[in-house]
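Notes for the one structure printed next.
The values are calculated or read from the model by the stated rules, or taken from the named source; none is laboratory data. These numbers were taken from a predicted model, which means no experiment stands behind them. Positions of Cβ are generated from backbone atoms using ideal geometry, with glycine treated the same way; all protein chains shown enter the neighbour counts.
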Amino acid sequence: MMEKLLLIEKRVKARELHKEKGWSVRKISRYLVASRDSISKWIKTDEKEVTQDRRGWKKGKPRKYTEQQKEEIKNTRMKLEKEESFFVGAKVVQANYNASHFEGVSKDFVDRTLREYEMVKSPQKKRKG
């Protein structure tokens, strides 16, 4: 909650410094320790929008991918296992998924999904001796 209040105060202060004192974007960005792009955006927004925080997403929820895609990745992996494919890693699952779907997914997402469903076989540690 504190971070949101701080951000809103920074936005209001940036607009104030620009409109009332005539400070440049660069000077404001150095003073408020924020990027010039953010300062420019804050200056251009309406008075009402500056005080609203519309950032963010629910914590723990993927921003880009859906639960349905996770299920389809799981099914793709299971299909590869049924076909007794030698390669069933994230790269192969990603390639098969992307070949059969219009929207592709990243290898990192496939890797996270397979780990979540415990479908990853980690190599055993080598023993000395």
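Numerical summary
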quantity: Number of positions in the range 75-129 that are surrounded by fewer than 15 Cβ atoms within 10 Å (Cβ to Cβ), under 21 Å from the mean Cα position of the chain (by Cα), of a type in the set (Asp, Glu) and part of a helix (DSSP H, G or I); calculated: 2
quantity: Filter result (part of a helix (DSSP H, G or I) and in contact with a Lys or Arg (Cβ under 8 Å, 6 or more places away or on another chain)) within the range 29-47; calculated: 29, 32, 36, 42, 43, 47
quantity: Qualifying residue in the range 15-26 (condition: of a type in the set (Gly, Ala, Ser), at pLDDT 80 or above, farther than 30 Å from residue 116 by Cβ and surrounded by 15 or more Cβ atoms within 10 Å (Cβ to Cβ)); calculated: no
